Amino acid sequence: MKKILYILVLGGLMSCQKEKETVLKEDIQFLKIKNGLIESSYYENVESIKPIDGFIPNDSTAIRIAETILYKVYGENNIVKQRPYNIALKQDSIWCIQGNLPEGWEGGVFYIELNKNNGKVEKMFHDK
């Protein structure tokens, strides 16, 4: 009697394991990669993380991000010459970063605003 009970329990566990394997195979099909990305439908119901301090939590991070963007648009040499930058946090959510020219130099400087909470570039220009 114990043997029969043992076989039934073992058989039940094995069928559960097979069912679990089937689900995993279906999940893998669902995550089928197209063009190097997981299908976007996978992310429809996934809530985005929102860091407590925002995506750009401090001035040093803001400067690194700004430089990456500004180098690409205006050239690294041009931006580096404008150090040290002026930086301020406006309304507790917008990093404002502006270039600086040495006294007596003529020309314009860059200005960029980065949203601390979502990382978006709110404004960017270079005056003359």
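Taking interchain pairs and intrachain pairs at least six residues apart, which have beta carbon atoms under 8 angstrom, with the first residue in segment 46-57 and in contact (Cβ under 8 Å) with a residue 24 or more places away in the chain and the second among the hydroxyl-bearing types (Ser, Thr, Tyr) and surrounded by 10 or more Cβ atoms within 10 Å (Cβ to Cβ)?
Gly54/Ser93
For Lys120, work out the one condition from (1) touching a strand residue (DSSP E or B) at 6+ places or on another chain (Cβ under 7 Å); (2) surrounded by 12 or more Cβ atoms within 10 Å (Cβ to Cβ) it doesn't fulfil.
(1)
Go through the residues of segment 105-112 one by one and say whether even a single one is touching a Cys at 6+ places or on another chain (Cβ under 9 Å) and surrounded by 12 or more Cβ atoms within 10 Å (Cβ to Cβ).
yes
Rundown of residues vs (1) among the aliphatic types (A, V, I, L, M); (2) at pLDDT below 95, yes/no style:
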position	(1), (2)
Ser60	no, no
Ala66	yes, no
Asn78	no, yes
Asn86	no, no
Gln91	no, no
Asn115	no, no
Lys128	no, yes
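Does Ile49 meet the test of being modelled with pLDDT of 95 or more, outside any strand (DSSP E or B) and under 30 Å from Tyr111 (Cβ atoms)?
So Ile49 does not fit the description; no.
The values are calculated or read from the model by the stated rules, or taken from the named source; none is laboratory data. Quick caveat: nothing in here was measured; it's all calculated off a predicted structure. Note that we place each Cβ from the backbone using ideal geometry, even for glycine, and neighbour counts take in every protein chain shown.
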